[in-house]
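Visitor: Here it is, the structure, as structure tokens.
Quick note: the coordinates plus some simple rules give every number you see, no bench work behind them. In this text, all values refer to a predicted model and were calculated from it rather than measured experimentally. Here Cβ is always computed from backbone atoms with ideal geometry, including for glycine, and neighbour counts include all displayed protein chains.
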Amino acid sequence: MKKFNLKPAIFIGPHLIFFIVFGLLPSLYGIYASFTQWDLVSDPVWVGLDNYKTILFDKDSTFSYQFYNGLKNTFVFVVASVPFLIIIPLLVAAALENKGVKLKGLFQAILYVPGLISASAAALIWGLIFNAQLGFTSNVFGMDIPWAANQPYAWIIILILTIWGGIGGNLIIYRASISGIDKSLYEAAEIDGANKFQKFINVTLPSIRFPLLYTFVMTTAGCFNVFVQPLMMTRGGPNQSTTVLMMYIRDLAFTSGSSIAGMASAMAVLLGIVILIISIFQYVLMMRNSN
Amino acid sequence: MARTKSISKNSNLSKYLAYTFLIVLCVIWAVPLLFGITTSFRSQTEVVSVGFRMLPVDWVVENYIATLENTSTAPIMQWLFNSIFIATIHATLVVVMVSITAYGYTRLKFKGRDFLFFTLLGISLFPGVVNLIPSYKIIDVLGWVNTPWAMIFPGLAGMGNLFLVRQFMVGIPKELDECAKIDGAGDWTIFYKIILPLVRPVLIVVFLFSFTGSWNDFLWPVIVYTDVERMPVTAGLLLLQDIYGNYRMIGQLMSSAILAIIPTLLLFLFAQKYFIQSMNLNAGIKG
């Protein structure tokens with residue numbers, strides 16, 4: 001008679017339980033809740049596609065306005081921040097590859113450390129830099145601008161905070177990948193008379209295309225979840241022009257008088273679908289180009 | 001001759017370009033932090049009357065004293081304690097669970113093992129934003145709103161660290177455990193005596209990133225903590241921005257921000273090589 005083997009259950013069981021309770025169950029319930037009217041307290045009431053219809057097609061409803069405005073602002077943030085979060089660390093990694101450069105550890109540490117600072121503490125510090133009376137920008141550069149209250153300055157301070165704290169992770173991935181490139185590829189390019197710039201384009205970039213793809217997809221998906229930077233720097237202003245979708249979702253579900261969690265769940269599902277589609281699109285696009 | 005000369009000229013030029021770029025960038029990166037630190041040592045009278053200066057007229061610690069003495073509206077020491085408690089327990093549990101689970105998925109033989117693992121991995125790629133509201137409901141049902149458990153347990157469901165550690169365990173030759181098995185060692189002995197020491201460096205990295213990740217989490221604590229006494233410091237700073245910001249107490253805002261970042265900075269100073277080493281782990285998998 002075959003005895004039931006208990007050992008796998010002991011080793012993988014605890015994680016499996018956590019995965020089901022805090023991973024699988026919330027995902028399924030989140031999709032279900034998007035088809036309901038729900039106040040987070042009593043049982044959700046099934047309303048079919050009503051939430052989606054309101055959000056997507058009812059132009060007079062505030063929910064529809066919030067969704068499209070939040071999605072637009074989230075896209076603005078993603079499109080403006082992702083290139084910097086890829087290109088700056090890539091250039092830094094290339095500069096740190098230069099054999100003549102000393103103090104590499106120090107440069108790297110200075111650029112890496114802001115990534116370990118919580119975004120809310122970073123926002124307080126950058127708030128001082130852009131402060132009208134005491135700040136750097138007004139006193140050193142003479143830029144006397146109420147940053148958070150005007151566009152495009154409100155976006156600029158959000159982006160600066162994001163880039164400041166956001167390049168460290170990608171920098172470390174790029175440095176590791178570049179240092180792993182086979183040196184003979186560079187030597188071959190040198191024999192062909194390639195200069196530094198040509199070597200970067202023709203050897204370095206193709207050699208690290210998988211880490212580039214990986215960071216591109218992950219950075220983009222991460223940026224779609226933007227929340228803390230606009231909340232702390234502009235409170236979503238001026239005129240909700242920096243209110244991102246996560247802020248509306250949180251307000252609807254958790255801070256308005258009575259929770260509108262069903263509607264918020266529908267917005268969350270739509271945002272999730274957008275993130276999935278874009279991740280897949282990026283993946284296919286880069287895979288095709290790299291072959 | 002002319003050719004070597006032009007090459008060395010060329011490489012000098014690229015060296016200076018690299019230096020210029022790095023130095024300019026590092027100045028931009030370092031100045032806000034340094035200016036935040038010096039401002040935290042300015043007196044409130046100086047802040048409102050003297051105007052802009054790089055360095056304080058008098059270096060005073062009154063902001064730090066005032067910040068620490070406020071134990072009602074913005075109890076920052078309590079917040080720091082909450083954050084340290086949450087991040088330490090969370091990171092420790094992640095390391096324990098991830099190492100045991102990864103052993104199960106690499107060393108134990110059972111039907112559908114790899115299928116199960118990759119199914120979980122696939123599900124975990126589902127965008128997390130959908131989970132947010134139901135996760136709150138689950139925490140609420142468990143009675144964990146405004147308790148440390150709200151931040152300690154949900155993260156244990158993660159697949160990223162498990163994937164990383166599993167990759168490393170796959171790379172450890174099976175012959176090692178087979179030899180031990182012949183000597184009569186059971187799974188727990190093999191796990192503890194053979195596998196665990198070999199994956200130690202990865203587990204340290206997992207601990208550090210779980211710790212800093214938990215410490216810097218913002219959206220989730222803002223949702224699950226409404227009790228000022230119970231929240232971690234990141235969520236506390238959002239409250240504090242209104243409390244001190246409304247009275248233009250810039251010095252106290254800065255001293256609070258500096259206090260909030262000291263623990264993770266210390267961690268970086270002591271464990272710098274592991275943070276930087278993590279790149280080799282990443283590159284090993286993704287390269």
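Visitor: Which number comes out as Rg/Rh for region A:1-127 once both Rg and the Kirkwood Rh are worked out on C-alpha atoms? List each step's numbers first, then the result.
Guide: On the way: Rg = 24.7 Å, Rh = 20.9 Å.
Using only Cα positions, Rg/Rh for region A:1-127 is 1.18.
Visitor: Okay, next question. Using the Cα atoms of region A:52-290 to build a convex hull, what is its mean projected area in square nanometres?
Guide: Details: hull surface 65.6 nm².
Taking the Cα atoms of region A:52-290, their convex hull projects to 16.4 nm² on average.
Visitor: Going through region B:66-160, which trypsin sites (Lys or Arg not before Pro) have at most 13 other Cβ atoms within 10 Å and a DSSP loop state?
Guide: Working: sites: B:Arg107, B:Lys109, B:Lys111, B:Arg113, B:Lys137; in loops: B:Lys109, B:Lys111.
Sparse-neighbourhood loop trypsin sites (Lys or Arg not before Pro): B:Lys109, B:Lys111.
Visitor: In deg cm²/dmol and to the nearest 500, what is the mean residue ellipticity at 222 nm of chain A if only DSSP H runs of at least 4 residues count, each as -39500 (n - 2.57), divided by the residue total?
Guide: Numbers: 15 runs with 187 residues, N = 291.
Result for chain A: -20000 deg cm²/dmol, rounded to the nearest 500.
Visitor: Next question. By count of other Cβ within 10 Å, fewest leading, how are A:Tyr174, B:Tyr192, B:Tyr136 ordered? Display every interim value, and only then the final one.
Guide: Values: A:Tyr174 27, B:Tyr192 14, B:Tyr136 21.
Fewest-to-most ranking of A:Tyr174, B:Tyr192, B:Tyr136: B:Tyr192, B:Tyr136, A:Tyr174.
Visitor: Under a Cβ-Cβ cut-off of 12 Å, what is the net charge of the residues other than B:Ala18 that fall near it, where Lys and Arg count +1 and Asp and Glu count -1?
Guide: Details: positive: A:Lys99, A:Lys102, A:Lys104, A:Lys196, B:Lys15; negative: A:Glu97.
Residues close to B:Ala18 contribute a combined charge of +4.
Visitor: Ok, one more. For helix A:62-97, what angle does its Cα long axis make with the longest principal axis of chain A, in degrees from 0 to 90 and rounded to 10?
Guide: That works out to roughly 20 degrees.
Visitor: Just rank B:Asp187, B:Asp140, B:Asp114, fewest to most, by other beta-carbon atoms within 10 angstrom.
Guide: Values: B:Asp187 18, B:Asp140 14, B:Asp114 9.
With the fewest neighbours first, B:Asp187, B:Asp140, B:Asp114 line up as B:Asp114, B:Asp140, B:Asp187.
Visitor: What is the mean projected area of the alpha carbon convex hull for chain B, to one decimal in square nanometres?
Guide: Across all orientations, chain B yields a mean hull projection of 24.2 nm².
Visitor: If R₀ is 35 angstrom, what is the calculated FRET efficiency for the pair A:Phe197 and A:Val140, using the beta carbon separation as r and rounding to 0.05? Write down the numbers at each step before the final one.
Guide: Values: r = 34 Å, r/R0 = 0.96.
Step by step, r from the Cβ atoms, then E = 0.55.
Visitor: Follow-up. Based on the Cα gyration tensor of the protein assembly as shown, what are the three equivalent ellipsoid semi-axes, each the root of five times an eigenvalue, rounded to whole Å and given largest first? Mind showing how you got there, number by number?
Guide: Values: eigenvalues 273, 251, 132 Å².
Equivalent-ellipsoid dimensions as semi-axes: 37, 35, 26 Å.
Visitor: State which entries of A:Lys72/A:Lys196; A:Lys104/A:Lys199; A:Lys72/A:Lys104; A:Lys53/B:Lys137; A:Lys72/B:Lys15; B:Lys111/B:Lys137 exceed 30 angstrom in Cα-Cα distance in the structure shown.
Guide: Working: A:Lys72/A:Lys196 40 Å; A:Lys104/A:Lys199 21 Å; A:Lys72/A:Lys104 40 Å; A:Lys53/B:Lys137 25 Å; A:Lys72/B:Lys15 42 Å; B:Lys111/B:Lys137 34 Å.
Exceeds cut-off: A:Lys72/A:Lys196; A:Lys72/A:Lys104; A:Lys72/B:Lys15; B:Lys111/B:Lys137.
Visitor: Next question, about the same structure. Treat each spin label as a single point 7 Å out from the Cα along the C-beta direction, and report the A:Lys59 to A:Asn289 distance in nm.
Guide: 3.6
Visitor: Now for a different question. So which trypsin sites (Lys or Arg not before Pro) in region B:156-215 pass both tests, a DSSP loop state and at most 13 other Cβ atoms within 10 Å of the Cβ?
Guide: Working: sites: B:Arg166, B:Lys174, B:Lys181, B:Lys193; in loops: none.
Those that pass, being in a loop and sparsely packed, number zero.
Visitor: Once a ≥ b ≥ c are taken as the square roots of the eigenvalues of the Cα gyration tensor of region A:234-286, is the result rounded (a/c under 1.5), prolate (a/b larger than b/c) or oblate (a/b not larger than b/c)? Walk me through the intermediate numbers first.
Guide: Values: a/c = 4.77, a/b = 1.65, b/c = 2.89.
Oblate, since a/c reaches 1.5 and b/c is not below a/b.
Visitor: Still on this model: For chain B, what are the DSSP H helices with axial Cα length of 20 Å or more and mean Kyte-Doolittle hydropathy of at least -0.5? Could you put the intermediate results ahead of the total?
Guide: On the way: long enough: B:2-39 (55 Å, 0.85); B:76-107 (46 Å, 1.21); B:196-216 (29 Å, 1.43); B:250-286 (45 Å, 1.11).
Helix filter hits for chain B: B:2-39, B:76-107, B:196-216, B:250-286.
Visitor: Still on this model: Quote the relative contact order of region B:70-286 in percent (integer), defining contacts as alpha-carbon pairs under 8 Å separated by 6+ residues.
Guide: Details: 171 pairs, mean separation 78.0, N = 217.
The value is 36 percent.
Visitor: Additional query: Please identify every one of the chymotrypsin sites (Phe, Trp or Tyr not before Pro) in region B:11-61 that sits in a loop by DSSP and has no more than 15 other beta carbons within 10 Å of its own beta carbon. Let's see the in-between values first.
Guide: Working: sites: B:Tyr16, B:Tyr19, B:Phe21, B:Trp29, B:Phe35, B:Phe41, B:Phe52, B:Trp59; in loops: B:Phe41, B:Phe52, B:Trp59.
Those that pass, being in a loop and sparsely packed, are B:Phe52, B:Trp59.
Visitor: Note the full-extension length gain between B:Gln78 and B:Thr147 as 0.36 nm times their separation in residues minus their Cα-Cα distance, in nm to one decimal.
Guide: Values: separation 69, 0.36 × 69 = 24.84 nm, distance 1.35 nm.
Extra length from B:Gln78 to B:Thr147 when fully extended: 23.5 nm.
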